[in-house]
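Contents: one structure, followed by commentary.
What follows is calculated from the coordinates using simple rules that are stated; it is not laboratory data. Since we're looking at a predicted model, the values are computed, not measured. Note that each Cβ is placed from the backbone with ideal geometry, even for glycine, and that neighbours are counted across all protein chains shown.
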Amino acid sequence: METEIKNITKLVSIYARVSTGRQENEKTIETQLMAVNEFIKKNNYTFVQEYKDDGWSGDNLVRPDLDRLRVDANKKRWEAVVIYDPDRLARRGAWQEVVIEELKEKGIDVLFTTIPPPKNDEEMIMYKMRGVFTEYERMKIKERFRLGKIRKAREGHIVGNEPPYGYIYIPEKKNEHGDREHGYYVINETEANVVRMIFSWVANEKLTMRSVVRRLCELGIKPRESKKGTWNTSTLSTMLKRKTYIGEGHYLRSYAVIPENPFKKEIYKKIKKSSRKLRPETEWIKIPTPVIIDKELFEKASKIIKENYALCQRNRRNEYLLAGKIYCTCGRRRAGEGPQRGKHLYYRCTDRVYSFPLPRKCYEGGIEARSLDKLIWENIVKLMTSPELIEKEAEKWITNKNDVTKIVDISADQINKEIEKLKKEESRYVMAYGAEAISLDQLKERTAEIKERISSLRGQILYLDQQEKRLKEVSLPSRDYLKDLCQEAKNMLKCLNLGFEIKQKIIRELVDKVMGNQKEVSVEGYLPIDQNYYVEYKTINRNRRLAKCG
């Protein structure tokens, strides 16, 4: 038995990361894994699991496989994680310390193939200082690159090697005399002809973006890069605004920012600053480029684009009572306008818009808007003026409130655990500052976000406590109270001249979601009957025949 125990080797996992698509393509992650595997073999460790983040920046600590590694560390599947170099774990020294300390608390060792683990306090300090100097050097290199690009642009040379549609980039090289020649654009005649056609269609035929997309599909012309293999209206809009085609390329025209209202709410993002903002035109650096179209055609197309936008039927506002609240059974929103310029209005599934120009996935028909608006409004009025219906829903809600209270308690416990984790993370930064691994400004910067998150979580706990208290104190209103409330609602509805805007405001206050198709529609929302009481209501089974004009 003793012999078996001696033969057991340390169980280890591997973590590797590359930060760019170029590194990924050049297989540098395979180079890391090769070095790590040699290290494991040399030390007679037992490999258990591999974690790889391809194309993820070290400036971003939220990475899918790194998160998976940190979660799996709780399961004790392995005793150590082997990483090629500290930079592969994180670019910033403080972030390295955060992850290493977290894993150590779970009994997991972190081993690097390029440097041995520190054996005493002196070696630990040297390790931290190495990280600080590496980070400083990286920032200096980044600044030198930035200044070099600005100088290159001011001298009239192309910055970047990704040319716009219609051009080919000729990379820089050394000539026969040994002098370096900067990269430049040359016209790709095949793509340039497509660019000229697009500008001509818009300027002379006054085609809209969607019409241009449709015509390109009919002609079998595909974009240079696209997951769908079809053109997007946003791509065409950018193309038609690009002055590069008239010989006026620009550098520093825009800068990257974190999107305020992103379309995709993704947990993991390789690029945080995925949106862009225009700089003042005085900051732009002009770079001469080969001319594909003349300035007159460019300006004419720009004018037509503005006119098309102003006259676009989709920008006209019609009276949709359920706008922003109604969904199709497929999960997409319903929106849009019916034929004959507003004579017949429909709530139509937006799948046809997002799938264009490819075939749509949802074939649910449109719901006649005026009929549905009238039906929903009548049911809401009926509920607000019927004490019997309100009492029935209130009884149902009171019966289920204990289950809601349990959910509130569980949510509060989870938030408290998250606060404790953030406090530990904050203390690690303080320790890093005490060890002079980070400056005071860096400490303030990195703990400010943590404090803000803790404050936000405490606010959520306060809200949950208030909600729990309200749930415990709530009781069924008396029949007389409900009769008085409904009578008051009737009087108000009779006295008020309820136009569309007032009705829509009431709908937006009461209705959370409307979902359905031509046969059935369900409504979810809350009707307040007092400051402390809320009643959930749901209407189903629209049971209507199809509209003839549909």
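Does the range 139-290 classify as rounded, prolate or oblate by the C-alpha gyration tensor (a ≥ b ≥ c root eigenvalues; a/c under 1.5 gives rounded; else a/b over b/c gives prolate, otherwise oblate)?
Working: a/c = 1.90, a/b = 1.26, b/c = 1.51.
In terms of gyration-tensor shape, oblate.
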Between the range 136-169 and the range 200-277, what is the separation of their alpha carbon centroids in Å? 22 Å
Work out, step by step, the length gained on full extension between residue 483 and residue 67: first 0.36 nm times the residue separation, then minus their alpha carbon distance; give nm to one decimal. 144.2 nm
Rounded FRET efficiency, nearest 0.05, which uses the C-beta distance separating residue 237 from residue 168 and R0 of 25 Å: 0.60
Förster-model FRET efficiency, 51 Å R0, residue 147 and residue 215, C-beta, rounded to 0.05: 0.70
Report ³J(HN,Hα) in whole Hz for each residue of the range 92-105, in order, from the Karplus equation J = 6.51 cos²θ - 1.76 cosθ + 1.60 where θ = phi - 60°; Gly and Pro get x. 8, x, 5, 5, 4, 4, 4, 5, 4, 5, 4, 5, 5, 4
Which order do the peptides 274-280, 82-88, 235-241, 103-109 come out in when sorted by mean C-beta neighbours inside 10 angstrom, highest first? 82-88, 235-241, 103-109, 274-280
Using Cβ counts within 10 Å as a stand-in for footprinting exposure, how do 189, 101 rank, fewest first? 189, 101
Between residue 287 and residues 5 or more places away or on another chain, which pairs have amide H atoms under 5 Å apart, with H built 1.01 Å from N, and which residues are they? 249, 250, 251
Size of the dipole of the range 9-117 about the Cα centre, Lys and Arg at +1 and Asp and Glu at -1 on the beta carbon, nothing else charged, in debye to 20? 260 debye
Whole-Hz couplings from phi, Karplus 6.51/-1.76/1.60, listed for the range 53-58; x for Gly and Pro: 10, 7, x, 10, 6, x
Neighbouring Cβ atoms within 10 Å as the yardstick, rank 174, 424 fewest first. 174, 424
For 381, 523, what's the fewest-to-most ordering of other Cβ within 10 Å of each Cβ? 381, 523
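In whole percent, what relative contact order does the range 9-117 give with Cα contacts below 8 Å and a gap of six or more residues? Kindly include the intermediate steps, with their values, before the conclusion.
Details: 175 pairs, mean separation 36.6, N = 109.
34 percent.
Between residue 274 and residue 296, what length in nm is gained on full extension when 0.36 nm per residue of separation is reduced by their alpha carbon distance?
Extending this stretch completely gives an extra 4.6 nm.
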How large is the dipole of the range 41-189 about the Cα centre if only Lys and Arg carry +1 and Asp and Glu carry -1, each at its Cβ, rounded to the nearest 20 debye? 100 debye
